[in-house]
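First the structure, in the form of structure tokens, and then the observations on it.
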Amino acid sequence: MPDIAPFRALGYAKSIDLTHVVTPPYDVISSAEQRALESRHPHNFIRLELPPERPGDAPGEKYRRSAQTLEAWCKEGVLVRDEKPALYALSQTFKGPDGAHHTRRGFFALLKLHPFSDGVVLPHERTLSGPKADRMELIKQCKANLSPIFSLVPDEAGEVWKTLEPALGAADRRTAHSDDGVDHELWRVTDPAVIKAMRALVKSRKAFIADGHHRYETALGYRDFLERGATEASHSAGAHRYVLSFLCGMSDPGLVIYPTHRLVHGIAGFSLPTFLQLVAEFFEVTDLETDVPSAVRRLAEAGGPSHHAFLLAASDRRLRLLTLRDGVDTAHVHALPKNPTLRALDVSMLHGLLLQHVLGLSQESQERQVNLRYVKDSRMAVEQVFAGEAQLGFLLNPTPMWQVRAVAEAGEVMPQKSTYFFPKLASGLVVNLVNPTERVEV
């Protein structure tokens, strides 16, 4: 079962307003956003999280620059390390992409690393080699988890926050407001009884990765890199055997999942009439008005546990609802997964049946995003198709939490970007140093 531990977080000095220095995680920052963050504050976390390439840089120079910046900020007192190990409770209040208001609560801790084959920490999405190579160079140079992974634990009774809340004191509270409209409240929790209770709570269940699969696998790789040729005993409680994680209860009222939509582009010789003819073999096709909010509502009504439905935006500037026909035979569609749990997902049906079987996009080309682009905003997805920037747009319903858990427990993984846990965790709230000679409090 999962082991968590308190840690001595590295964080910004109290004289620095966190609003000016926190950043989104590295994988959602555009070049324009990167420049804006760099100009916002001389100590913005972007300089560590996503160091820019400079003309004339030698290979790996940007990672060494990040490490040098981290060292300098520690010496200057910009970043200060806590004196005693703690857990760090976090509350995030936000308005979701659907306009609804939510508050998501959880806590930062160290999560002991386990290979996925151990069945202790479970993934649900595929990873690619490129992002892992990038993060590996950064962790090797900085010797730190600069940003957390996002983990979930089953928590039907809401015990996570109920256990933490009595220990939250105003004196240990920090706040921030990030560019995605999220208000963050962060508390340091040092009460030994609360820490003991939280460790026992997590140890009684499994941990599921919601976001940060690449960072988790990078941390595993870094652990193995450091331990080559070393004995088990010499590293059993080293900090490199843990990864910085935000843990949230699966039943937390503010834990919401949104869809990521797919745009298809650049298919040579593409014919919309031919495509629609092929689609009609499997789907009922219903023309809709081009009002995106009402079309998205129709999509939500058409979907469900046993009903696959998609909203199709096409280059003829029309919206269509695709609903899988009852009893349709897909046994000959070899691109669909064999596992029934995985096959039941909308994203599996989209990638296997529509993208691979009908459009002919191989799984490899999908993973490399040769003809595929991802967009989170439904209105933006439709606008890009109607503007001729993509040939087709497929809008999805969100993957429900019970399916995320079922896929992970079945030992399967979904296609990339099957889940969009909003909001992303801000980077810069807490940092974990991963010196192998430093022992974690176990």
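The values are calculated or read from the model by the stated rules, or taken from the named source; none is laboratory data. Bear in mind that the values here come from a model prediction, so they are computed numbers and not experimental data. Cβ sites come from the backbone with ideal geometry, for glycine too, and all protein chains shown count toward neighbours.
Would you mind stating whether T163 is outside the structural domain of H351 (by TED's automatic domain parsing), surrounded by 15 or more Cβ atoms within 10 Å (Cβ to Cβ) and either among the aromatic types (F, W, Y) or assigned to a helix (DSSP H, G or I) (or both)? Considered against the rule, which asks whether it is outside the structural domain of H351 (by TED's automatic domain parsing), surrounded by 15 or more Cβ atoms within 10 Å (Cβ to Cβ) and either among the aromatic types (F, W, Y) or assigned to a helix (DSSP H, G or I) (or both), T163 comes out as yes. In the condition set (1) touching a residue at least 60 places away in the same chain (Cβ under 8 Å); (2) part of a helix (DSSP H, G or I), E364 is compliant with all but (1).
Residue pairs whose Cβ atoms lie under 7 Å apart, sitting 6 or more positions apart in sequence or on different chains, and linking a residue in the stretch 379-405 that is on the phi > 0 side of the Ramachandran plot to a partner that is not aromatic (F, W, Y), are G388/S315. Looking only at the stretch 90-99, decide whether some residue is under 21 Å from the mean Cα position of the chain (by Cα) and within 16 Å of D172 (Cα to Cα). Yes, that holds for at least one residue.
Scan the stretch 428-439 for residues that are under 26 Å from the mean Cα position of the chain (by Cα) and either part of a loop (DSSP other than H, G, I, E, B) or among the acidic types (D, E) (or both) and jot them down. Correct list: G428, L429, V430, V434, N435.
Among the residues making up the stretch 268-315, those that are of a type in the set (V, I, T) and at pLDDT 95 or above are T274, V279, V285, T286, V292, V296. For R343, the criteria (1) out of contact with any Pro (no Cβ under 7 Å at 6 or more places or on another chain); (2) among the basic types (K, R); (3) surrounded by 14 or more Cβ atoms within 10 Å (Cβ to Cβ) hold in every case but one, which is (1).
Looking at the stretch 408-421, is at least one residue of a type outside the set (D, E) and part of a helix (DSSP H, G or I)? Checked the stretch 408-421: at least one residue is of a type outside the set (D, E) and part of a helix (DSSP H, G or I).
For the stretch 337-378, the set of residues classified as closer than 15 Å to H307 by Cα and of a type in the set (D, E, K, R) consists of R343, D346, listed by residue number. With respect to R379, is the statement that it is touching a helix residue (DSSP H, G or I) at 6+ places or on another chain (Cβ under 6 Å), farther than 16 Å from E281 by Cβ and either among the hydrophobic types (A, V, I, L, M, F, W, C) or outside any loop (DSSP other than H, G, I, E, B) (or both) true? Spelling it out, R379 is indeed touching a helix residue (DSSP H, G or I) at 6+ places or on another chain (Cβ under 6 Å), farther than 16 Å from E281 by Cβ and either among the hydrophobic types (A, V, I, L, M, F, W, C) or outside any loop (DSSP other than H, G, I, E, B) (or both).
Among the residues of the stretch 75-89, count how many are exposed (fewer than 15 other Cβ atoms within 10 Å of the Cβ) and either of a type in the set (S, T, Y) or touching a strand residue (DSSP E or B) at 6+ places or on another chain (Cβ under 8 Å) (or both). Result for the stretch 75-89: 1.
Restricting the stretch 323-340 to residues that are over 28 Å from the mean Cα position of the chain (by Cα) and among the aliphatic types (A, V, I, L, M) leaves a set whose member that is surrounded by the most Cβ atoms within 10 Å (Cβ to Cβ) is L324. Filter the stretch 1-58 for residues that are of a type in the set (F, W, Y) and either at positive phi or not in a helix (DSSP H, G or I) (or both) and give the result. The answer is F7, Y12, F45. Scanning the stretch 45-62 for residues that are among the aliphatic types (A, V, I, L, M) and under 21 Å from the mean Cα position of the chain (by Cα) yields I46, L48, L50.
Take L110 and tell me if it is under 21 Å from P436 (Cβ atoms), in a strand (DSSP E or B) and modelled with pLDDT of 90 or more. Taking the combined requirement at face value, the residue satisfies it.
Note on the stretch 241-275: residues that are within 26 Å of N371 (Cα to Cα) and in contact (Cβ under 8 Å) with a residue 24 or more places away in the chain total 14. Taking the conditions (1) within 30 Å of D179 (Cβ to Cβ); (2) assigned to a helix (DSSP H, G or I) in turn, L425 satisfies each one other than (2).
Which one of these does A13 not meet: (1) at pLDDT 95 or above; (2) farther than 21 Å from Q68 by Cα? Evaluating A13 over (1) at pLDDT 95 or above; (2) farther than 21 Å from Q68 by Cα leaves (2) as the failure.
Of the residues in the stretch 382-399, none is closer than 30 Å to V121 by Cα and part of a helix (DSSP H, G or I).
Screening Y63 on (1) in contact with a Cys (Cβ under 9 Å, 6 or more places away or on another chain); (2) without any contact (Cβ under 8 Å) to a residue 24 or more places away in the chain shows it passes everything except condition (2).
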